[in-house]
1. Rounded if a/c is under 1.5, else prolate if a/b beats b/c, else oblate: with a ≥ b ≥ c from the C-alpha gyration tensor eigenvalues square-rooted, which is segment A:99-200?
2. With bins 20 Å wide starting at 0, give me the P(r) of the protein assembly as shown over every alpha carbon pair, in whole percents.
3. Once Rh is set to the Kirkwood radius over Cα pairs, what Stokes-Einstein translational diffusion coefficient, in µm²/s, holds for segment C:57-319 at a temperature of 10 °C and a viscosity of 1.306 mPa s?
4. Which entries in A:Lys70/B:Lys224; A:Lys37/A:Lys217; A:Lys70/A:Lys217; A:Lys37/A:Lys203; A:Lys40/A:Lys203; A:Lys42/B:Lys224 show an alpha-carbon gap greater than 32 Å?
5. What residue among B:Pro241, B:Pro62, B:Pro124 has the largest mean-square fluctuation in a Gaussian network model of chain B, using Cα springs under 10 Å?
6. Kindly express, to the nearest 10 degrees and within the range 0 to 90, the angle between helix A:173-186's C-alpha long axis and the longest C-alpha principal axis of chain A.
7. Which lysines, on any chain, are close to B:Lys96 with Cα under 27 Å apart, when same-chain ones fewer than 8 places away are left out?
8. Kindly give Rg over Rh for segment B:206-275, based on alpha-carbon atoms, with the Kirkwood expression for the hydrodynamic radius.
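Every number in this text was worked out from the coordinates using simple rules, so none of it is lab data. What you see is a predicted model, and the numbers here were worked out from it, not measured in a lab. Reconstructed Cβ throughout: ideal geometry from the backbone, glycine too, with neighbour counts over all protein chains shown.
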Amino acid sequence: MSAALDLAARVTDPRDRGGPRQPLLIARDLRKHFAVKGAKGKVVRAVDGISFAVRKGETLGVVGESGCGKSTLARLLLHLIVPDAGELVFDGEAVGAPGGISVGALRRQAQMVFQDSYSSLNPRMPVRDSVAFGPYVQGTKRPEARDIARRMLGQVGLDADLFGPRYPHELSGGQKQRVNIARALATGPRMVVLDEPVSALDKSVEAQVLNLLLDLKQRFGLTYLFISHDLGVVRFVSDRVLVVYLGRVVEVGPSEALFHEPKHPYTRALLASRPSMDPARRIEEAPIAGDPPNPIDPPSGCRFRTRCPFAEAVCAAREPALAADGWDAHAAACHMQDAGSGHSRAASAGSA
Amino acid sequence: MRTYILRRILYAIPIALGVSIVCFSLVYIAPGDPLETVLPPDATAATIAQIKHIYGFDKPIPVQYVIWLGRVLAGNFGISIADGRPVILEVGQALKNTGLLALFAVPLAFTLGYAMGAVAGCFPGGWLDRTVTGAAVAGVSVPNYWLGIVLVILFSVQYMWLPATGMGPDGVSQLHLLQWRDLQYFVLPVITLAMIPIGIIARSTRAAVAEIRNQDFVQTLRAKGLSEWAVARHVLKNALPPVMAVMGLQFGYLLGGSILVETVFSWPGSGFLLSKAIINRDVPVLQGTILALSMIFVATNLIVDLLQSLVDPRLRRG
Amino acid sequence: MTVMASQPVMASGQPMAAEQVMGLPGPEPDAAAAPDAHALPAITVRSYWQSVGYRLRHDPATLCFAAIVLLIVLAAVFAPLVAPDNPFQESIIGRLKPFGWRGHLLGTDELGRDMLSRLLFGGRVALLMGVVPVLIASVVGGTLGVIGGFAGGMINTATMRTMDVFYAFPSVLLAVAIAGAMGGGIANGMIALTLVFIPPICRVAETATTQVRGLDFIEAARASGARPLTIIRHHVLGNVLGPVFIYASSLVSVSMLLASGLSFLGLGVRPPTPDWGLMLSTLRQSIWVVPWVCALPGVAIFITSFCFNLVSDGLRAAMDVRM
């Protein structure tokens, strides 16, 4: 943990405004609802009040099942989708607000790596042109943009002469994803949002790309927001982890602590559902019962209660709050964690 | 399902209105004073003033449109300049005759086209496929009226087997469809009219069938032990929805393309009426015929879409 | 023509697996080799257009028909040099003569004019009416479609609904209606045909644009800070021009057929200008005299249209391979 802070202090970026203690990104109560086609008044609550902060130089992992709002969150952070409510603060300046940082300026400092390596590259453009496009759009002249592209391709481990003129369909999945990373870094961002960057890759390639990402983070002093549904990957990469369920954060904490002693029943179930390599330890029952609920009509109170083995009346009555104080706090939005909630198991849980 | 039907029907209404606007404006893109287009050449000053008032040519165009629309919906399509008869009567009679042609051409085109395409699709790459595809491409490249002329040359001029023109020896009123004497007049026009749709339908069917046969579920059916025949039935059933859309369009083509074929065979249908109206610069008839034909096309598309949603459950969710 | 003379080949020289041709994630080229960044052999890379050229060069059927098309175009363009006689030269005694009569290779028409010469000159009008409306419609329709597809929302709906109204007419009917109302003539015919072709091309462009717009690389471009026009220029157009071009090329033969149909009805060029459709119309009465001479203009239309169709099919087979 302190290693991350040391790193932040060490790397002095001329664009730094807030200093090492200022979180690079703060998200406050972000909400995004999508109207359901055909059903009047119904909305999909993709992101329904998510708040968190990302320190400079750290990697924040975001974990959740499909449909929990992760990808929407990623796009909200870069203002590719406009939030319905809530605010974003980048290095101390509010995004999109007068007197704050404009969306255009945000895009010079934050970039994204997408999940689908196939559709994230223009099939009609040679790879080096795709990488050079970002700098070109932000004002660099074409020859310099090409140079930047060459260098970035080299940084991600691809020979620029060999791979530059190639088309996406001529590259393997791992190579394409390297190109995507090069493209994201070509504009020199300080923060990179990675939306399931290795989910579509083979395991052997996945390890390579993850190592590359960590390497690049060190080299360029980056801050990462790493989104994935793969717990092992998130654990490997992240300093802190956010667990998201149905558009809300249910648990947050330092990576090791969270994986070692999960506090929220959902996190526990996620961890327990990973198949073990040991044939002697077989999972008899599915740890999570029921189907993922409908994001259009989430359950009242705690959204997880319909699948939670510990649900009680209070869980349907009130929504539990996430009380995280301090950077390294490990907290869960669960009545069992809150001594005064009225849950029968509340008294026994302490704060870890 | 019901919402889809309702929405589809509601959607047809603005389309129909748009179509009527286009038909209405035909008079205005004609060269010269729109007033002249609806007047017989020897009209007196009194008649001119009267027509002007009735048609509302002294009012702004949107108002004229509404007046026109009102008249049309009431069944008044105007008077033919050429022979003074009400347009709607002429159009009605002509449509009946075209309908007779379509009655024979449609089943012929659809069944033959679908069969050819299905056969070609089931044996892709084989000689049968290449023949059918080649024939289909040829069918689409041929001017249908020229085909009509060639058929007439072959069967009327060279071999004298079939009549060259007309709809029956005694004219329209005395048509006995079950007698060869009258039926023979249908043969050449129907074949000519059906040619291009056969080509297009065969091509679409072949593409649909070939694509479906490549899909996984077909392999599953075979793995389950179904005979080739049973598999083919499944494939053909699945090929029907996309082809139905094409068939619907082809019906519209028959309506539009009939103009050329009917001219060649002097078949007194809506197409022939249209070409006569062009020669005579008879704009009311032109307008009325086009309006009628295009409305029929809109209705046909609607029916085809609804039928398609019945056959293909994937479309029902609207 | 779906006879593909060759299998699409990748840059590495290996035949493309079916999945890759269809654009599905296929076996990765280097999956077997160590996932090493330098594992690709150093072979010249083919760009998309180069690979299209490669496929075309290896498609004998399409090349053959393209050669015929070229021949027809040259014959029409150089008609004054190639034609044996003056196409307007009438003759009282030499009317409706069969093939080979007194040096007229293809006979004479109802006014005694040489058929071969008239056919050659008629090709000029036919090609003009085939290409020009499609060209103009491609530009107009393509632009409308890209704007609508990229903008989405109300603009797109409004554009496409307007196109739907014109779609509600069968093309022959619409062409006849517009040309008929405007009074015929070659210019009006071209206007009518252009209007007929704008909606379908617009639809093709809009579909392609909408498909591309949903892909991640467009979002990545937005994330880089690019403006909509820049994105369209660099990312959308390249992916849309292909489908539009393929579709437009298939419309050339349709345009020729429609144009000849208009002339047949008297809505195209005016006599004595030679035009295949017009010739068919004027010769129609004479089929009882020299039937096959009268059928000749249709043969010309058929051959030209057929060859254009096959070339367009070949182009589609070469260009439509997904990357």
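1. oblate
2. The calculated distribution, bin by bin, is 11, 34, 30, 18, 6, 0.
3. 79 µm²/s
4. Table pairs above 32 Å Cα-Cα are A:Lys70/B:Lys224; A:Lys37/A:Lys217; A:Lys37/A:Lys203; A:Lys40/A:Lys203; A:Lys42/B:Lys224.
5. Among B:Pro241, B:Pro62, B:Pro124, the largest GNM mean-square fluctuation belongs to B:Pro62.
6. In chain A, helix A:173-186 runs at an angle near 80 degrees to the longest axis.
7. B:Lys276
8. 1.33
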